[in-house]
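Participant: Provided herewith is a single structure, encoded as structure tokens, for subsequent inquiry.
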Amino acid sequence: MTHTLTETTLHGLPVLQIDTPLCTAQLSLYGGQLLSFVPAGGAEVLWLSALAQGAPKAIRGGVPVCWPYFGKENQPADAIQHGFARTSVWTLDDTREDGDGNVHLTLSLSAHDTTPLRLKQTLVLGAGLQQALVTHNPSAEKHDITQALHSYFAVGDVRQVRLSGLDGLDYADKFTAQTFEQRGDWTLSDPRDPGRSDRIYHAAGGHYVLHDTTLERRLRISTTGSHSVVVWNPGEAGAQAMADVPDADWTAFVCVEAANAARDIVTLAPGATHTLAQTVEVLPGA
């Protein structure tokens with residue numbers, strides 16, 4: 001085997017570090033949260049706040065797991081934001097390396113008294129990143145979920161990036177509670193509401209490219225089992241109101257989230273399984 005797993009810390013958070021000839025990555029079992037992914041010879045793909053807190057708070061950055069609901073959708077007012085998966089301790093069930101040098105990790109979440117549903121997460125770490133949430137309904141009744149892989153992608157300057165693959169889609173703007181149509185690529189300079197973004201795009205096609213001229217790279221994001229995509233950046237004022245985000249860091253990330261959110265509810269019949277997955281590839285140029 002050519003990979004190693006070691007215990008270390010990242011911004012004071014305990015993590016498992018995975019080193020392979022193809023990449024390095026850091027994973028927190030608290031939240032089952034991938035916090036870092038760096039392809040060999042490349043730059044960090046994910047943003048993690050230097051002020052990120054650990055248990056019992058959710059970790060700000062990386063790829064938080066929102067499950068079994070997104071936000072507080074169809075939940076009581078006192079429900080935990082984005083569900084309990086991101087503030088629970090996961091179990092690392094299996095690690096293996098395939099013939100191409102990719103490292104496969106399987107994690108699971110313990111049973112929870114609020115739902116009969118069970119959740120596993122798989123990660124494939126190589127030159128690119130593959131990640132999946134696998135939800136199984138072992139009960140005799142159907143159950144609904146909303147969910148997301150809430151990826152914080154590192155960018156050189158969010159004001160200089162654009163996201164293609166959304167043209168013509170309707171989106172729900174969570175700032176205004178209105179629905180609009182996307183015209184062209186997403187940018188943070190959209191004249192309708194510049195400098196911030198909190199949008200849920202529906203009927204999403206699952207193929208997006210984040211063009212970053214500052215870092216001179218493209219992130220190609222492909223999703224399956226995802227009917228929505230969320231694009232979020234709090235903007236300057238929003239970041240200043242967040243205790244776990246350095247004021248200046250609002251320009252350093254944008255969230256592009258493979259999701260089933262708002263009206264895109266997934267109903268699992270008894271015995272059924274649903275997989276939400278994303279693949280992230282780092283490409284040159286912007």
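What follows is calculated from the coordinates using simple rules that are stated; it is not laboratory data. Owing to the predicted nature of the structure, the values given are computational and were not obtained by experimental measurement. Note that we place each Cβ from the backbone using ideal geometry, even for glycine, and neighbour counts take in every protein chain shown.
Participant: Just checking, which of PRO39, PRO64, PRO56 is farther than 26 Å from SER228 by Cβ, out of contact with any Leu (no Cβ under 6 Å at 6 or more places or on another chain) and surrounded by 15 or more Cβ atoms within 10 Å (Cβ to Cβ)?
Facilitator: The match here is PRO39.
Participant: Same structure, new question: Would you point out the residue of region 265-286, among those that are within 18 Å of ALA203 (Cα to Cα) and surrounded by fewer than 20 Cβ atoms within 10 Å (Cβ to Cβ), that is nearest to the chain's Cα centre (by Cα)?
Facilitator: That would be ALA277.
Participant: Could you look through region 78-96, keep only residues that are among the small types (Gly, Ala, Ser) and outside any helix (DSSP H, G or I), and pick out the one that is surrounded by the fewest Cβ atoms within 10 Å (Cβ to Cβ)?
Facilitator: ALA79
Participant: For region 181-207, which residues satisfy the criterion of being buried (at least 17 other Cβ atoms within 10 Å of the Cβ), within 16 Å of ASP170 (Cα to Cα) and touching a Gly at 6+ places or on another chain (Cβ under 7 Å)?
Facilitator: GLN182
Participant: So, one more: Hey, any hits in region 206-219 for a residue that's of a type outside the set (Phe, Trp, Tyr), assigned to a loop (DSSP other than H, G, I, E, B), more than 18 Å from ASP157 (Cα to Cα) and more than 20 Å from the chain's Cα centre (by Cα)?
Facilitator: There is no residue in region 206-219 that is of a type outside the set (Phe, Trp, Tyr), assigned to a loop (DSSP other than H, G, I, E, B), more than 18 Å from ASP157 (Cα to Cα) and more than 20 Å from the chain's Cα centre (by Cα).
Here is a yes/no grid of residues against (1) touching a His at 6+ places or on another chain (Cβ under 7 Å); (2) within 16 Å of ASN260 (Cβ to Cβ); (3) surrounded by fewer than 17 Cβ atoms within 10 Å (Cβ to Cβ):
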| residue | (1), (2), (3) |
| --- | --- |
| PRO76 | no, no, yes |
| LEU105 | no, no, no |
| LYS120 | no, no, no |
| THR135 | yes, yes, no |
| HIS143 | no, yes, no |
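Participant: I'd like to know if region 166-173 contains one or more residues that are within 23 Å of the chain's Cα centre (by Cα), in a loop (DSSP other than H, G, I, E, B) and surrounded by fewer than 13 Cβ atoms within 10 Å (Cβ to Cβ).
Facilitator: Yes, there is a match, as at least one residue in region 166-173 is within 23 Å of the chain's Cα centre (by Cα), in a loop (DSSP other than H, G, I, E, B) and surrounded by fewer than 13 Cβ atoms within 10 Å (Cβ to Cβ).
So that you can scan it fast, the table gives a plain yes or no per residue for (1) within 19 Å of the chain's Cα centre (by Cα); (2) of a type outside the set (Lys, Arg); (3) not in a loop (DSSP other than H, G, I, E, B):
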| site | (1), (2), (3) |
| --- | --- |
| THR176 | no, yes, no |
| PRO194 | no, yes, no |
| TYR201 | yes, yes, yes |
| SER226 | yes, yes, no |
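Participant: Kindly check whether there is at least one residue in region 137-147 that is in contact with a strand residue (DSSP E or B) (Cβ under 9 Å, 6 or more places away or on another chain), part of a strand (DSSP E or B) and basic (Lys, Arg).
Facilitator: Among the residues of region 137-147, not one is in contact with a strand residue (DSSP E or B) (Cβ under 9 Å, 6 or more places away or on another chain), part of a strand (DSSP E or B) and basic (Lys, Arg), which makes the answer no.
Participant: Also, quick follow-up: For region 214-224, check the following and say yes or no: at least one residue is hydroxyl-bearing (Ser, Thr, Tyr), closer than 24 Å to ILE59 by Cβ and in contact (Cβ under 8 Å) with a residue 40 or more places away in the chain.
Facilitator: Within region 214-224 (the criterion being hydroxyl-bearing (Ser, Thr, Tyr), closer than 24 Å to ILE59 by Cβ and in contact (Cβ under 8 Å) with a residue 40 or more places away in the chain), the answer is yes, since at least one residue qualifies.
Participant: Determine if region 155-167 includes at least one residue that is hydroxyl-bearing (Ser, Thr, Tyr), under 27 Å from GLY83 (Cα atoms) and in contact (Cβ under 8 Å) with a residue 12 or more places away in the chain.
Facilitator: Taking every residue of region 155-167 in turn, none turns out to be hydroxyl-bearing (Ser, Thr, Tyr), under 27 Å from GLY83 (Cα atoms) and in contact (Cβ under 8 Å) with a residue 12 or more places away in the chain.
Participant: Test GLY99 against the stated conditions and say whether it is out of contact with any Ser or Thr (no Cβ under 8 Å at 6 or more places or on another chain), of a type outside the set (A, V, I, L, M, F, W, C), part of a loop (DSSP other than H, G, I, E, B) and exposed (fewer than 15 other Cβ atoms within 10 Å of the Cβ).
Facilitator: yes
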